[in-house]
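Colleague: After the structure tokens below, expect a handful of questions from me.
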Amino acid sequence: GTHAIVRGRVATGAVTVIDSTGEGTYVYLGTARPIETPYLTAIVDPGMPEWLRQMFERRLPELFAAYAKEFGVALPWKPVVLYSFHDTASTGYSSGGGTLTGLINMTLTGSAWKTPSPDALVQAFYLLAHESAHLWNGQLVESAGGPGSSMDEGSADAMANEMLLAFGMIDRRGWLRRRENALNQCAAQVRSASVHGAAERGAFKTFYDCGFVLALWTESAIRQQRPDATIFSFWRDLVAAAGAQNHRSDEPTWFGVMRSTAAANTVAAAMRSFLEANAIDTAISGMRGAGMNVGRGAGSPPIA
């Protein structure tokens, strides 16, 4: 009476899994009705609070269709999404997620999720949108890792923010606030240290916040020559460029695509200075030169 879901397939009989990736995967076994579309196979935990379960069942297919359209390239496999809820004694909101080849596994934990809340809805959808973006920008194209992590993590944050706005989860004010927050958090984190040195410091959030800034800066720079450019169109070009490099990308790939899309070499130079040294003033000047309306405010930014 149960079925298995593995590698995008729903199997009711015997099924053999051959792991060619060496990293393993997750298999679902149970009776929950899967969500199946041309873009994904998904299981939303039947024990998920009803208000969240309804949102996921509606939005999951729409989100993956939107990403497929924005990236303009199909995934070579049908991804599996597993979204679970752990009803524990802990209060508040906890969430986490990760990806393997062709798979997203996400979990919500904490009793606060049981009560409908606009902020909780945004947090849950943002986690889904961030991890889903990695199927394209972290798996279709594999990051070389290290300092380059800021590019795929930050871009996933930027893309998730765009999806929040596109799906009406936030308004333009909320969308702008998230951009400003990333810039402020990044500025605080690199006040006396570089983005490149974040891993050695254990400051992994720097890759997210400063990578978000890098994505916004790149998009703005390209728009000076291509007004319709977006972070998604940039990644379409990056995916194509990485195809000639065994589907791997790194900082030189990023800057090479920027130059090929008419962003000036001076922009790339300012970005390198920003990444390699605590050069937030260089970043502000460079972002202004790329057409972004950004500047210093008085006092300290609000705590995120």
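Colleague: Mind listing whichever residues of the stretch 67-78 are in a helix (DSSP H, G or I) and not hydrophobic (A, V, I, L, M, F, W, C)?
Modeller: Residues satisfying the conditions are Tyr67, Lys69, Glu70.
Colleague: Here's another thing I want to ask about it. Does the stretch 256-280 hold any residues that are modelled with pLDDT of 80 or more and either surrounded by 19 or more Cβ atoms within 10 Å (Cβ to Cβ) or touching a Lys or Arg at 6+ places or on another chain (Cβ under 9 Å) (or both), and which are they?
Modeller: Val257, Met258, Val267, Ala268, Ala270, Met271, Phe274, Leu275
Colleague: Moving to a separate point now. Can we say Ala182 is open to solvent by less than 50 Å² (accessible area, probe 1.4 Å) and at pLDDT 90 or above? Write out each step before concluding.
Modeller: Numbers: open to solvent by less than 50 Å² (accessible area, probe 1.4 Å): yes; at pLDDT 90 or above: yes.
So Ala182 fits the description; yes.
Colleague: Being without any contact (Cβ under 8 Å) to a residue 24 or more places away in the chain, under 23 Å from the mean Cα position of the chain (by Cα) and part of a helix (DSSP H, G or I) is the filter here, so list the residues in the stretch 234-275 that pass it.
Modeller: Initial filter on the stretch 234-275 (without any contact (Cβ under 8 Å) to a residue 24 or more places away in the chain): 240-241, 243-246, 252-253, 255-257, 259-260, 265-266, 268-270, 272-273.
With the extra rule that they be under 23 Å from the mean Cα position of the chain (by Cα), the set shrinks to 240-241, 243, 245-246, 252-253, 255-257, 268, 272.
Residues satisfying the conditions are Ala240, Ala241, Gly243, Pro252, Thr253, Phe255, Gly256, Val257, Ala268, Arg272.
Colleague: Scan (1) out of contact with any strand residue (DSSP E or B) (no Cβ under 7 Å at 6 or more places or on another chain); (2) surrounded by fewer than 19 Cβ atoms within 10 Å (Cβ to Cβ) for the single condition Thr2 breaks and write down its number.
Modeller: Status for Thr2: all satisfied but (1).
Colleague: Would a scan of the stretch 231-242 turn up a residue that is of a type in the set (Ser, Thr, Tyr), at pLDDT 85 or above and either surrounded by fewer than 19 Cβ atoms within 10 Å (Cβ to Cβ) or farther than 27 Å from Lys69 by Cα (or both)? Full working, then the answer.
Modeller: As a first pass, look at the stretch 231-242 and keep what is of a type in the set (Ser, Thr, Tyr): 233.
Among the residues that remain, those that are also at pLDDT 85 or above are: 233.
Remaining after also requiring either surrounded by fewer than 19 Cβ atoms within 10 Å (Cβ to Cβ) or farther than 27 Å from Lys69 by Cα (or both): 233.
The answer is yes; a qualifying residue exists.
Colleague: Can you tell me how many residues within the stretch 89-122 are open to solvent by 40 Å² or more (accessible area, probe 1.4 Å), in a helix (DSSP H, G or I) and in contact (Cβ under 8 Å) with a residue 40 or more places away in the chain?
Modeller: 2
Colleague: All but one of (1) assigned to a loop (DSSP other than H, G, I, E, B); (2) surrounded by fewer than 24 Cβ atoms within 10 Å (Cβ to Cβ); (3) touching a residue at least 40 places away in the same chain (Cβ under 8 Å) hold for Val195; state the number of the condition that does not hold.
Modeller: (2)
Colleague: Right, another one. Here are Phe85, Phe64, Phe125: which of them is touching a Gly at 6+ places or on another chain (Cβ under 6 Å), open to solvent by less than 30 Å² (accessible area, probe 1.4 Å) and not in a loop (DSSP other than H, G, I, E, B)?
Modeller: On inspection, the qualifying residue turns out to be Phe85.
The values are calculated or read from the model by the stated rules, or taken from the named source; none is laboratory data. If you're wondering where the values come from, they're calculated on a predicted model, not measured in any experiment. Note that we place each Cβ from the backbone using ideal geometry, even for glycine, and neighbour counts take in every protein chain shown. Surface areas here come from the heavy atoms of the whole protein model, side chains and all, with no ligands, DNA or RNA. Shrake-Rupley method; radii C 1.70, N 1.55, O 1.52, S 1.80 Å.
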